[in-house]
Ligand code: DP6
């Protein structure tokens, strides 16, 4: 009962920021992201390999909170498959070391796909997205490649809060250059960050505009309106960080270098280098661009003070099953 899956990470253009149900990881708003080629995780799950769940990430045995979170996802799979076996989980990250981009999105998408396949569950991509969401919200989007929407949904059981692909990487060849400003672990992760930000009065503005921003972004994708999509991404990231900075106590993810970098984009665009920024719950800056301008954008980012390195990624594909139990059927995607 062993299977291996690989998933790419994704970076949101319209951010997921806040949960309406912590246990089911139901978002307060829908979000939209780009899946990135080559930045992700490869995970093997083997049920029955040990009595209690064991987890190894990048060659190191993990316990405590990390293992608990993985076991909680495995429990959902065991429940659906009627299994009572412990599992050995071995995961390796395909993110370059020292990039500071440990991604729960890719990790939980690969885990959900590998665990479901190992248990012999035949899940549709949508069902897989719902399962991955229970591990980490953003993982719901990493099941798919290209531009992906994750619907907020309205049901209390979360069955309509899943992701789906809006556009393949081939249909709109976009890319991202990620400027690493700090490769260290962040002090306050996204889960805790969004929980704190939700309690800030500034969050009311976020809630009032997130769904309409998403609708606009969806329209921009349908019309292949790159400029519109880019500006909406910048607005979403900026608003998200405003809610964090207005929280009590304040949560400032940006560094001086983040602000300086972000302020460069408008003048780059005026010079014909069309890139738009986004910033996750950390100081690093991701630049969205068309694939043909990726090298130019990366060159400009590298030349800025405080940028340690730049990762270049084209839009990537969805989760893949690399190995599944011999008697099992078709891949879920
Ligand atoms: C800022 O998906 O890591 O990257 O559901 O608590 O695991 P949990 O949160 P997570 O949050 C991602 C937040 C974000 C924005 C985004 O990816 O949409």
In segment 42-59, what residues are surrounded by 18 or more Cβ atoms within 10 Å (Cβ to Cβ) and either within 9 Å of the ligand (Cβ to nearest atom) or assigned to a loop (DSSP other than H, G, I, E, B) (or both)?
49, 53
Just give me the residues in segment 131-150 being farther than 20 Å from residue 17 by Cβ and surrounded by fewer than 24 Cβ atoms within 10 Å (Cβ to Cβ), in sequence order.
146
Within segment 13-41, restricting to residues that are surrounded by fewer than 24 Cβ atoms within 10 Å (Cβ to Cβ) and assigned to a strand (DSSP E or B), the one that is nearest to the ligand (Cβ to nearest atom) is 19
Quick one: which of 200, 233, 247 is more than 26 Å from residue 304 (Cα to Cα), crowded, with 18+ Cβ neighbours inside 10 Å, touching a helix residue (DSSP H, G or I) at 6+ places or on another chain (Cβ under 8 Å) and modelled with pLDDT of 95 or more?
247
Answer from 216, 185, 207, 211 - the residue that is surrounded by fewer than 22 Cβ atoms within 10 Å (Cβ to Cβ) and outside any helix (DSSP H, G or I):
185
Residue 193 - would you say it is within 16 Å of the ligand (Cβ to nearest atom) and either in a loop (DSSP other than H, G, I, E, B) or within 22 Å of residue 135 (Cβ to Cβ) (or both)?
yes
Go through the residues of segment 70-84 one by one and say whether even a single one is more than 16 Å from residue 111 (Cα to Cα), more than 16 Å from the ligand (Cβ to nearest atom) and in a strand (DSSP E or B).
no
Output for segment 91-129, where each listed residue is within 13 Å of the ligand (Cβ to nearest atom), in a helix (DSSP H, G or I) and either surrounded by fewer than 24 Cβ atoms within 10 Å (Cβ to Cβ) or under 11 Å from the mean Cα position of the chain (by Cα) (or both):
104, 105, 106, 107, 108, 109
Given the criteria more than 15 Å from the ligand (Cβ to nearest atom) and modelled with pLDDT under 95, does residue 225 qualify?
no
Close pairs (8 angstrom Cβ cut-off, 6 or more residues apart or separate chains): on the phi > 0 side of the Ramachandran plot and assigned by TED's automatic domain parsing to the domain that holds residue 241 in segment 11-25, near the ligand (Cβ under 7 Å from one of its atoms) and not in a loop (DSSP other than H, G, I, E, B) anywhere:
none
Report the residue count in segment 252-296 for those that are free of Cβ contacts under 8 Å to residues at least 60 places away in the same chain and part of a strand (DSSP E or B).
2
Which members of segment 130-150 meet the condition of being in a loop (DSSP other than H, G, I, E, B), more than 13 Å from the ligand (Cβ to nearest atom) and touching a helix residue (DSSP H, G or I) at 6+ places or on another chain (Cβ under 9 Å)?
144
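The values are calculated or read from the model by the stated rules, or taken from the named source; none is laboratory data. Owing to the predicted nature of the structure, the values given are computational and were not obtained by experimental measurement. Note that we place each Cβ from the backbone using ideal geometry, even for glycine, and neighbour counts take in every protein chain shown.
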